[in-house]
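The values are calculated or read from the model by the stated rules, or taken from the named source; none is laboratory data. Treat the numbers as computed from the prediction; the structure is a model and nothing was measured. Don't worry about glycine lacking a Cβ; one is built from the backbone with ideal geometry, like all the others, and counts go over all protein chains shown. Remember, those area values only see protein heavy atoms, side chains included, never the ligands or the DNA or RNA. Shrake-Rupley method; radii C 1.70, N 1.55, O 1.52, S 1.80 Å.
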Amino acid sequence: MSNRTFTIIKPEVVAKGFEGKVLDAFSERGFRVVALKKTQFSLEQASRFYAIHKDRPFFQGLLKYITSSPVVVAILEKENAVQDFRKLIGSTNPAEAEEGTIRKKFGSNIEQNAVHGSDSDENAQIEGSYFFSLFEQY
Ligand code: CMP
């Protein structure tokens, strides 16, 4: 069990200017920001980041969406971070997410689902390292 996870606050949330509200919800639930920045995925970066989904029918749509405008990426810290964060954000499909979860509150549909959260300690480490060097983690 590791104490870090990686998140993306996705394009539709940032475009509406709601990233502050989402970051607030993270900190209210005990997640500390280790690293944070606003950036925009290139097509190449998005293809690599989501390579695990490359054979899925939604892959091209996902690339178009995630590269469409800026996102906010962050490494977050808390005991049992990966599992607790996935609980906080809710199901992939906002329509199936529980009341009070981030995806229920800010997500639009199964693609535009507001936030990403790592699914394992190993992926949290890999995903965070795409965006932040060790010197950028506090
Ligand atoms: P995320 O948790 O970032 O991981 C993969 C992303 O692909 C997911 O959130 C959604 O944005 C998107 N996604 C997953 N399943 C589907 C689907 N069935 N249709 C469209 N997009 C999807």
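In summary, Lys87 fulfils each of the numbered conditions (1) under 14 Å from Gly30 (Cβ atoms); (2) touching a residue at least 60 places away in the same chain (Cβ under 8 Å) with the single exception of condition (2). What do you reckon, is Gly17 closer than 21 Å to Asp119 by Cα and more than 13 Å from the chain's Cα centre (by Cα)? No; evaluated as a whole, the condition is false for this residue.
Which members of region 4-17 meet the condition of being touching a residue at least 40 places away in the same chain (Cβ under 8 Å), open to solvent by less than 70 Å² (accessible area, probe 1.4 Å) and not aliphatic (A, V, I, L, M)?
Step one: of region 4-17, the residues touching a residue at least 40 places away in the same chain (Cβ under 8 Å) are 4-15.
Going one step further and asking which of them are open to solvent by less than 70 Å² (accessible area, probe 1.4 Å), we end up with 5-14.
Answer for region 4-17, where residues must be touching a residue at least 40 places away in the same chain (Cβ under 8 Å), open to solvent by less than 70 Å² (accessible area, probe 1.4 Å) and not aliphatic (A, V, I, L, M): Thr5, Phe6, Thr7, Lys10, Pro11, Glu12.
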